[in-house]
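Reading through the structure tokens given below for one structure.
The values are calculated or read from the model by the stated rules, or taken from the named source; none is laboratory data. Just so it is clear, the model here is predicted, and its values are computed rather than measured. Cβ placement follows ideal geometry from the backbone for every residue including glycine, while neighbour counts extend to all protein chains displayed.
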Amino acid sequence: MFDIGIIGAGPAGYTAAIRASQYGLKVVLFEKEFNGGTCLNKGCIPTKAILHSAHLFEEIKQFPKNGITVENPSFDYSLIKQREVKTVEKIRKSLTKLITDYGIRIVEGEAEIKSPTAILSNGEKFECANIIIATGSKPNKFKFNGNYSDDFILTSDDILNLETLPEDITILGSGAIGVEWARILTGFNKKVRVIELAQNLIPLADTEVSERIERIFKRNKIEFYLGTTIDKIENTTVTLTNGVSFETEKVLVAIGRSISLPKTENLTIETEKFVKVDSNFETSQKGIFAIGDVNGVSMLAHSASNQAVQVVEYIKDGTPCSFNKDLVPSVIYGSPEIAWTGKREKDLENIKYKKSVFLMAGLGKAQADDNIEGFIKLLSVDEKIVGAHIVGGEASALLQEILILMNLGATTKDATKIIYAHPTYSEGVLEALEGLEGLSINSPKVKE
Ligand SMILES: Cc1cc2nc3c(=O)[nH]c(=O)nc-3n(C[C@H](O)[C@H](O)[C@H](O)COP(=O)(O)OP(=O)(O)OC[C@H]3O[C@@H](n4cnc5c(N)ncnc54)[C@H](O)[C@@H]3O)c2cc1C
């Protein structure tokens, strides 16, 4: 009898397996495809490896004004892909070793839930006191009006499998995946159009962030259409609901993911697009838990791994889970980075709040790096930070600093007593904190 049977070895499943094993629990982990799940094999890591190459190629354009000459730079996408594949394989190998070193039994195969305490895989039945479903999500297949070949439409999985990049691409959706690919492809000098149904790019971000990214997209010649979607496709001609029509080589659909659920027998696990869970991630079936993308609470790798350690704690000794959706960091990679957490201005409409926006251009480090695009925006209520929205160099790391303050409940005044190294981008956090009291040293004096 295993203490926990875990289905899916993505960030949710493998993290839960290792933590449970660290606590001395006996664990069996089922994976039907690749250890590391979507994140390692089709998401976070492969895209970042390709983005890294795109970023380097873009950086070369800045070399001359930094006094460096490079003649006729070019790239070979097959070599870029090779490095990406090798990176993923290397991590997958060490991850598999890590899991087995913990004495966790890995079953390579599809798992089915036979009862609240039994899992079947490869014809073998495993008795488990608790079951964790960590089966993640997959991209939806879209069918548009009109006639076109199947390979004209790409999902986020398909685009990773291309051997050459399209010269001209249309991306449907401007969330993290859409914007990241827009930046990758523009980095490689490809023509990119982005179609977004909402009135701003990155609809989940604070409007000031979205508007800044719109300006940057315009400057980088990324075409975008807001408040519209694809109406129909005829061969390679896309027509939008606003009547605009254009030819394109491929369409990347970067919206809509649906959950992967294991087969179950004689039990009903309530779902409503995602698996329904309570605050301890327990499903409608007692003893069966669902964590990560599959519960739809927050479809990010770090949310999956955080839920994993919490649910194991709950299974071990009943410690209640406390996943705070308001303190989840969201990051969109590329140049400049975009990162945010907590409340946006539009969430605070009926609340008295303070706002501070510090421009990256005010930082010596940003000027020295010739990387002055962006800002750090903080929102506070009753001396506590309730939202942080950053565009600019090292935004992901800066956000993490702010998240520490938010998690520890630091007052904005206390946080300004911390000494920040000079010259760093972190100094911008101090400036933004001081700006909440009108005391930012390196911001323009407000005219009276
Ligand atoms: C292109 C892209 C880029 C992304 N970039 C980021 C990023 O930069 N940062 C970030 O935080 N998030 C990112 N994400 C999201 C992130 O990948 C997911 O939030 C994360 O992988 C969810 O983890 P999970 O463990 O819940 O599910 P998954 O990672 O999807 O893992 C689920 C696993 O379960 C297995 N499985 C499913 N059914 C069964 C079954 N019946 N039996 C056995 N095994 C089964 C699957 O094969 C899979 O390996 C990205 C996603 C995509 C698509």
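For first residues located in the stretch 396-407 and more than 16 Å from LYS384 (Cβ to Cβ), partners that are of a type in the set (Ser, Thr, Tyr) and lie 6+ apart or on another chain with Cβ distances below 7 Å form the pairs LEU398/TYR425; LEU398/SER426; LEU399/THR341.
Just give me the residues in the stretch 387-410 being over 22 Å from ALA176 (Cβ atoms) and surrounded by 15 or more Cβ atoms within 10 Å (Cβ to Cβ), in sequence order.
Of everything in the stretch 387-410, those that are over 22 Å from ALA176 (Cβ atoms) and surrounded by 15 or more Cβ atoms within 10 Å (Cβ to Cβ) turn out to be LEU405, ALA410.
Residues that are hydrophobic (A, V, I, L, M, F, W, C), under 24 Å from THR155 (Cα atoms) and out of contact with any helix residue (DSSP H, G or I) (no Cβ under 6 Å at 6 or more places or on another chain) were ranked within the stretch 252-286; the one that is nearest to the ligand (Cβ to nearest atom) is LEU261. Quick check: is even one residue across the stretch 39-49 outside any helix (DSSP H, G or I) and under 22 Å from the mean Cα position of the chain (by Cα)? Yes, there is a match, as at least one residue in the stretch 39-49 is outside any helix (DSSP H, G or I) and under 22 Å from the mean Cα position of the chain (by Cα). Against the conditions (1) within 14 Å of the ligand (Cβ to nearest atom); (2) in contact with a helix residue (DSSP H, G or I) (Cβ under 8 Å, 6 or more places away or on another chain), VAL70 satisfies every one except (1).
Close Cβ contacts (under 7 Å, 6 or more residues apart or on different chains) running from residues in the stretch 135-164 that are within 15 Å of the ligand (Cβ to nearest atom) to residues that are in a helix (DSSP H, G or I) and aromatic (Phe, Trp, Tyr) comprise ILE159/TRP181. Remark: pairs (first residue in the stretch 232-259, assigned to a strand (DSSP E or B); second residue at pLDDT below 95 and exposed (fewer than 13 other Cβ atoms within 10 Å of the Cβ); Cβ separation under 7 Å; 6+ apart in sequence or on different chains) = ARG257/ASN140; SER258/ASN140.
Of the set (1) surrounded by 17 or more Cβ atoms within 10 Å (Cβ to Cβ); (2) at pLDDT below 95, all apply to ILE233 but (2). In the stretch 411-424, the residue that is surrounded by the most Cβ atoms within 10 Å (Cβ to Cβ) out of those that are of a type in the set (A, V, I, L, M, F, W, C) and in contact (Cβ under 8 Å) with a residue 12 or more places away in the chain is ALA415.
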